[in-house]
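Trainee: Got a structure here, written out as structure tokens. Questions coming.
The values are calculated or read from the model by the stated rules, or taken from the named source; none is laboratory data. Keep in mind that what you see is a predicted model, and the values were worked out from it rather than measured. Neighbour counts are summed over all protein chains in view; Cβ atoms, including those assigned to glycine, are modelled from backbone coordinates with ideal geometry. What goes into the accessible areas is simple: the full protein's heavy atoms, side chains included, and nothing from ligands, DNA or RNA. Shrake-Rupley method; radii C 1.70, N 1.55, O 1.52, S 1.80 Å.
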Amino acid sequence: LMKKDLLKQRKVRILVMSFLLFALVFTIIFGTLESPFDYTLSNIGNHFNSEYRAMFITWALICGLAIQFAIVSLIRLEEYRGKYCVTLVALATASLIATGIIPAVLEEHPFWHAMHTVTSGLTALFLLLSLVPFVLFVSRENPRLRIVIGVWLVVIWIGSIMMLVFLGKTGMFEIWFFVSNILFLLYLSLVLFEEKIVKLSVLYLKDKENL
């Protein structure tokens with residue numbers, strides 16, 4: 001049973017990190033198809049051609065699901081019991097996918113453009129409400145990670161706000177937000193899964209010695 005759990009954790013870690021790395025590369029590639037200093041991801045996905053449009057919807061789907069899969073896997077790994085956390089990250093994913101699907105061409109679809117703006121804002125809000133309570137719990141359970149987690153949160157949220165202030169609502173602001181969140185989840189996945197795997201490995205070896 002212990003060996004099975006050990007193998008399971010290793011497989012989940014590989015899946016989580018592979019999915020996040022794919023989302024990271026996809027975000028950078030899509031966000032730089034046109035100048036991210038001049039166009040947001042929504043602009044790229046809605047104002048050029050049908051291929052970019054399809055890529056935008058695919059990016060939203062992959063990025064949202066990768067982030068959700070990572071957070072839910074980490075919640076289960078750490079046995080976090082926070083209320084609504086999984087629901088909120090699912091809402092963040094749904095909002096991001098809706099943002100990709102809803103057309104954002106103001107001149108042609110003013111109502112849908114407004115809805116697109118709302119769903120993009122909800123994506124950030126739901127992600128904040130789901131991720132921050134969980135990582136604060138992790139920092140309490142793992143005091144050695146407290147400073148590192150604090151720095152990551154500053155990099156993500158203060159960095160995103162600074163990008164918005166100095167560069168405006170551009171692709172660079174959006175790329176910073178998603179790339180920094182994905183990198184943070186990659187870091188957490190690497191550290192927390194490794195810690196769990198080492199503990200299980202030690203217990204497994206002790207159990208074998210006692211046989």
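Trainee: Mind jotting down a quarter of the surface of the convex hull over the alpha carbons of region 86-134, in square nanometres, one decimal? Present the calculation step by step, with values, prior to reporting the outcome.
Mentor: Working: hull surface 11.8 nm².
The Cα convex hull of region 86-134, projected and averaged over all directions, gives 2.9 nm².
Trainee: Heavy-atom accessible area per residue, region 21-68, 1.4 Å probe: how many Å²?
Mentor: About 46 Å² of surface per residue is accessible.
Trainee: Could you tell me how many degrees, from 0 to 90 and to the nearest 10, lie between the Cα long axis of helix 2-31 and the main elongation axis, the longest principal axis, of the Cα atoms of the chain?
Mentor: Computed tilt is about 20 degrees.
Trainee: Where only protein heavy atoms count, and the probe is 1.4 Å, what is the accessible area per residue for region 74-119 in Å²?
Mentor: Accessible surface, normalised per residue, equals 59 Å².
Trainee: Among the lysines, which fall within straight-line cross-link reach of residue 199, defined as a Cα-Cα distance under 26 Å, with same-chain neighbours fewer than 8 residues apart omitted?
Mentor: Excluding near neighbours in sequence, the set is 3, 4, 8, 11, 208.
Trainee: Subtracting the Cα-Cα distance from 0.36 nm times the residue separation, let me have the gained length for residue 140 to residue 108 in nm, one decimal.
Mentor: Here the answer is 6.5 nm.
Trainee: Report in % the part of the accessible area of region 74-187 that belongs to carbon and sulfur, leaving out ligands and nucleic acids; probe 1.4 Å.
Mentor: Carbon and sulfur: 74 percent of the exposed surface of region 74-187.
Trainee: Run the dipole for the chain about the Cα centre, Lys and Arg Cβ at +1, Asp and Glu Cβ at -1, nothing else charged, and hand back the magnitude in debye, nearest 20.
Mentor: 1120 debye
Trainee: Note the angle between two axes, namely the Cα long axis of helix 85-101 and the longest principal axis of the Cα atoms of the chain, as a number of degrees from 0 to 90, rounded to the nearest 10.
Mentor: 30 degrees
Trainee: A follow-up question, please. Charges on Cβ only, +1 for Lys and Arg, -1 for Asp and Glu, centred on the Cα centroid of region 73-207; of 145, 131, 85, which one is farthest towards the dipole's positive end?
Mentor: It is 145.
Trainee: Still on this structure, please answer the following. In square nanometres, what is one fourth of the surface area of the convex hull spanned by the alpha carbons of the chain?
Mentor: Spelled out: convex hull of the Cα atoms, projected over all directions, averaged, 12.8 nm².
Trainee: Projected onto the charge dipole of the chain (+1 at Lys/Arg Cβ, -1 at Asp/Glu Cβ, origin at the Cα centre), which of 54, 15, 27 gives the Cα projection farthest towards the positive end?
Mentor: It is 15, whose Cα lies furthest towards the positive end.
Trainee: Assuming 0.36 nm per residue, please report the length gained on full extension of the stretch residue 18 to residue 151 beyond their Cα-Cα distance.
Mentor: Extending this stretch completely gives an extra 45.5 nm.
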